[in-house]
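Inspection log for the structure reproduced underneath, given as structure tokens.
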Amino acid sequence: MTKESFLIQSSLADQAREALRDQIISGKLPPNARIDLHDLAQQWNISPTPLRDAVKALESSGLVEIQPRRGVFVAGLDRKGLRETFELRMAFEGMAARLAAVHLPDGLAADAGRRYRAAGAMPADLQETALQEVDTLVHDIVRDNCGNSRLIRLMEGVRDLVQWSRQTIIRHVPESFAASLPEHLAICDALAARHADGAERAMRIHLDGVLARIEDYLDAHGTVIA
């Protein structure tokens, strides 16, 4: 294979990975769905090789499972998988919140708190959309301002898994936005006060609360989110 053909193949694999990732995170391919690689290769007019490379990359990020003699499937989102994902988030984002309380610019957390309060004060018919728009705000702030490049890379490593679980949860438990509001405000207040212990504790309490709400959904509707 020439260098030029290798680069073309690599580019196709990257494009296929992004396209397949988007279908999974958006819910077009739901948890546990079988992925027909032959059909996708025909739809996207590419050879099987870059698509197989894309699948391997998504398997590494936790979005797909390759089952011998059965095929390729979107990963399942069950109680165990959710708890493992949230345990990672509690460890990484809790530490990021602790560090961000020291490093973030003055006024940033207070401004985020004002944006959350403004969203929470919207009329009932607009509140859910407003809260969804700011839902990841404080999470982005602690990641971007933790001052630890290695921690940021670890968080980026599970980004796809976090986005996928979040979008799946939103489709099934939309009321979690309102329930998360006081938790987000507690994180913002601790960050604004530069209270490192409090920021880490508030982030962990928030993520534990989100997980508990999802587990309540699973208790009521079944053990797997589809």
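Report the normalised scattering of the range 64-170 as log10 I(q)/I(0) at q = 0.11, 0.20, 0.21 Å⁻¹, calculated by the Debye formula with identical scatterers on the alpha carbons.
Computed log10 I(q)/I(0) values: -0.47, -1.11, -1.16.
Kirkwood hydrodynamic radius, the chain, all distinct C-alpha pairs: what's the number in Å?
19.1
With each run of n ≥ 4 DSSP H residues scored as -39500 (n - 2.57), what mean residue ellipticity at 222 nm is computed for the chain after dividing by its residue count and rounding to the nearest 500 deg cm²/dmol?
-24000 deg cm²/dmol
Given a cut-off of under 8 Å on Cα pairs at least six residues apart, what relative contact order in percent is computed for the chain?
27
Can you pull out the trypsin sites (Lys or Arg not before Pro) in the range 50-142 whose DSSP state is coil and whose Cβ has at most 15 other Cβ atoms within 10 Å?
The qualifying sites are ARG69, ARG70.
Obtain the nm distance between the two label points defined at GLU87 and ASP106 by a simple spin-label model: each point lies 7 Å from its Cα along the Cα-to-C-beta direction.
Distance between label points: 4.2 nm.
How much of the pair distance distribution for the range 3-75 lies past 19 Å, counting alpha-carbon pairs only, in percent?
More than 19 Å apart: 28 percent of the Cα pairs in the range 3-75.
Quick one: length gained pulling ASP78 to GLN163 fully straight, 0.36 nm per residue minus the C-alpha distance?
Full extension from ASP78 to GLN163 adds 29.0 nm.
Could you please report the charge total around ALA121, scoring K, R as +1 and D, E as -1 over all other residues with beta-carbon less than 15 angstrom from its beta-carbon?
That sum, taken over residues with Cβ under 15 Å, equals 0.
Can you list the residues, at least 5 places off or on another chain, whose amide H is less than 5 Å from the amide H of GLY76, using H built in the peptide plane?
ASN32
Is the range 129-171 rounded, prolate or oblate when judged by the Cα gyration tensor, a ≥ b ≥ c being the square roots of its eigenvalues, rounded requiring a/c under 1.5 and prolate requiring a/b larger than b/c?
oblate
Here, each number is a calculation from the coordinates, and none is a lab measurement. Note that this is a predicted model, so its numbers are computed, not measured. Cβ sites come from the backbone with ideal geometry, for glycine too, and all protein chains shown count toward neighbours.
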